[in-house]
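Have a look at the structure below, then the notes.
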Amino acid sequence: MNRNIKLLYGFSCFDQFMIVIALWVPYLATKGIGMRQFMELQAVFALVILCGELPSGLLSDLWGRKKTLLLGSTLKAVSFSLLPLWSSYAGFLFYHLTMGIALSMISGGDVALLYDSSLAAGGEKSRGTAVLGNANLAAQMGTTVSALLGGAVVSLSYGHLLWANAILSWIPVLLVLRVTEPPATLDRGKKRAEELKELLSSTLVRDGATRLVLLNMVAWGTGGLVMFWVNQKYWQESGVPLASFGVLLAGYGLIAGLAGRSAALGIARYGRRPLLAAVGVLPIIAYFGMASFLGWGGILLGILAPVGRGLGQVLFMEALNERISSAFRATVISMAQLGIRASFCLLGPLVGYGIERSGLPSVLSALGILFSLAFVVLLVPLVVR
């Protein structure tokens with residue numbers, strides 16, 4: 001099982017080696033895909049993931065973590081390998097459909113497999129924070145290197161970028177093939193359907209602590225996803241050269257990874273409550289700071305948001321893993337991801353419309369107010385428990 005953990009750290013890293021994504025908009029523009037069609041494709045992509053999150057989590061719990069992760073990774077690699085062949089809207093639509101299904105299968109299962117492997121290796125539940133922090137750092141390192149590598153390879157041509165991306169996409173498949181499925185125990189005498197019903201009832205109705213963790217994962221995860229796209233618009237309006245976008249994206253990702261990696265040390269030194277509070281306070285400061293200081297001052301203050309995101313990813317996931325049995329861990333994690341996608345489908349278009357109508361400072365201030373309310377309503381009750 002210790003080998004599993006190392007392999008899954010590698011998977012977390014190379015799963016993020018999607019070097020074409022950082023240049024996705026300009027590449028599709030060379031194929032005649034305007035922004036209207038681009039947003040249509042992203043809507044389809046989000047809808048596929050939204051519909052596939054919970055079924056894929058159930059598939060992972062019922063069929064096996066490794067099998068589902070292997071199937072998703074293979075489908076993702078095939079999608080990237082076919083990408084250089086597409087040049088029409090229909091081809092790119094097919095790509096987004098298959099990629100959405102693939103990412104749904106990967107989502108949740110990789111974290112559940114890592115956590116189960118840690119427990120099977122004899123690790124205590126408290127060690128889960130460090131394990132998840134390491135995986136988060138590996139993922140952010142993958143994102144960082146991917147952004148820098150994509151900017152370097154595209155200087156040759158888009159063709160080089162696409163084929164390099166296709167080759168790299170098969171590395172996660174090779175890593176998953178070497179993973180051993182850890183044991184996941186079920187209480188005897190209960191049917192899975194009854195256990196799932198009991199789990200959902202406990203998570204969403206009776207268990208207030210678990211419900212708060214899940215809602216916070218959704219709320220702050222949605223904020224992070226929105227800011228991923230808002231940041232690029234912010235950098236553009238701040239006059240940042242396009243060549244520096246990859247460097248900024250890599251830097252933000254690395255900071256988030258280091259923050260997640262430091263979560264276990266922070267808990268040992270300061271306790272869990274101050275870190276949970278920081279998860280909410282830091283992004284709020286970033287929103288208002290970016291609204292007040294458009295330019296490099298706002299970009300520097302914006303660093304606080306990925307720090308909060310990195311801490312939150314580890315703290316919320318660890319809290320959820322501690323409360324959910326191994327048998328349905330992937331299902332509940334997929335529920336959280338489903339909530340993030342659904343919330344983004346509502347908040348994302350509103351943010352885009354607001355930027356077009358009122359400008360970035362107004363929208364960032366509105367986000368600061370919105371997440372201040374989320375802090376009071378959702379995070380403070382979790383902190384004081």
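Pull out all pairs, ordered by first then second residue, where Cβ-Cβ is under 7 Å, the residues are six or more apart or on different chains, the first lies in the range 210-225 and is more than 10 Å from Ile340 (Cβ to Cβ), and the second is among the hydroxyl-bearing types (Ser, Thr, Tyr) and surrounded by fewer than 23 Cβ atoms within 10 Å (Cβ to Cβ).
Thr210/Ser202; Thr210/Thr203; Arg211/Thr203; Leu214/Thr203
For the range 130-214, which fully contained helices (runs of 4 or more DSSP H) count at least 3 residues that are at pLDDT 80 or above? Show your work before the answer.
On the way: elements: 158-168, 171-177, 192-201.
Fully inside the range 130-214 and qualifying: 158-168, 171-177.
Here is a yes/no grid of residues against (1) within 19 Å of the chain's Cα centre (by Cα); (2) within 30 Å of Tyr270 (Cβ to Cβ); (3) surrounded by fewer than 20 Cβ atoms within 10 Å (Cβ to Cβ):
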site: Cys345; (1), (2), (3): yes, no, yes
site: Ile355; (1), (2), (3): no, no, yes
site: Ala374; (1), (2), (3): no, yes, no
site: Val377; (1), (2), (3): no, yes, yes
site: Val383; (1), (2), (3): no, yes, yes
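Which residues, taken from the range 354-385, are outside any helix (DSSP H, G or I) and within 24 Å of Leu214 (Cα to Cα)?
Across the range 354-385, the qualifying residues are Val384, Arg385.
Does Ser73 satisfy the criteria of being at pLDDT below 85 and either under 24 Å from Val131 (Cα atoms) or assigned by TED's automatic domain parsing to the domain that holds Phe245 (or both)? It would help to see each step written out before you state the result.
Details: at pLDDT below 85: no; either under 24 Å from Val131 (Cα atoms) or assigned by TED's automatic domain parsing to the domain that holds Phe245 (or both): yes.
Judged against the criteria, Ser73 is not a match.
Regarding Val351, is this residue assigned to a helix (DSSP H, G or I), at pLDDT 85 or above and surrounded by 12 or more Cβ atoms within 10 Å (Cβ to Cβ)? Show your work before the answer.
Numbers: assigned to a helix (DSSP H, G or I): yes; at pLDDT 85 or above: no; surrounded by 12 or more Cβ atoms within 10 Å (Cβ to Cβ): yes.
No: the conditions fail for Val351.
Within the range 60-97, how many residues are among the polar types (S, T, N, Q) and surrounded by fewer than 16 Cβ atoms within 10 Å (Cβ to Cβ)? Write out each step before concluding.
From the range 60-97, those among the polar types (S, T, N, Q) are 60, 68, 73-74, 79, 81, 87-88; that's our starting set.
From what's left, surrounded by fewer than 16 Cβ atoms within 10 Å (Cβ to Cβ): 87-88.
Looking only at that region, the number is 2.
Just checking, which of Ala112, Ala102 is within 20 Å of Ile333 (Cβ to Cβ) and modelled with pLDDT under 85? Break it down into steps so the answer makes sense when it comes.
Details: Ala102 fails: modelled with pLDDT under 85.
Selected residue: Ala112, the only one of Ala112, Ala102 that is within 20 Å of Ile333 (Cβ to Cβ) and modelled with pLDDT under 85.
Taking the range 155-167 as the search range and keeping residues that are hydrophobic (A, V, I, L, M, F, W, C) and surrounded by fewer than 20 Cβ atoms within 10 Å (Cβ to Cβ), which one is farthest from the chain's Cα centre (by Cα)?
Start the filter on the range 155-167 by keeping residues that are hydrophobic (A, V, I, L, M, F, W, C), which leaves 156, 161-164, 166-167.
From what is left, the residues that are surrounded by fewer than 20 Cβ atoms within 10 Å (Cβ to Cβ) are 156, 163-164, 166-167.
Values: Leu156: 30, Trp163: 25, Ala164: 23, Ala166: 21, Ile167: 23 Å.
Looking at the filtered set, the residue picked out is Leu156.
Any idea how many residues of the range 309-326 are modelled with pLDDT of 75 or more and of a type in the set (Lys, Arg)?
The qualifying residues number 1.
Search the range 98-118 for residues being under 29 Å from Arg3 (Cα atoms) and of a type in the set (S, T, N, Q), and hand back the single one that is surrounded by the most Cβ atoms within 10 Å (Cβ to Cβ).
The selected residue is Ser104.
Identify all residues within the range 115-129 that are modelled with pLDDT of 60 or more and in a helix (DSSP H, G or I); write none if there are none.
If the condition is that a residue be modelled with pLDDT of 60 or more and in a helix (DSSP H, G or I), then Tyr115, Asp116, Ser117, Ser118, Leu119, Ala120, Thr129 are the ones that fit.
Going residue by residue through the range 239-261, is there one that turns out to be assigned by TED's automatic domain parsing to the domain that holds Ala305, at pLDDT 80 or above and among the polar types (S, T, N, Q)?
No, because not a single residue in the range 239-261 is assigned by TED's automatic domain parsing to the domain that holds Ala305, at pLDDT 80 or above and among the polar types (S, T, N, Q).
The values are calculated or read from the model by the stated rules, or taken from the named source; none is laboratory data. Every value quoted in this text rests on a predicted model; they were computed, and no experiment measured them. Backbone-built Cβ (ideal geometry, glycine too); neighbour counts: all protein chains shown.
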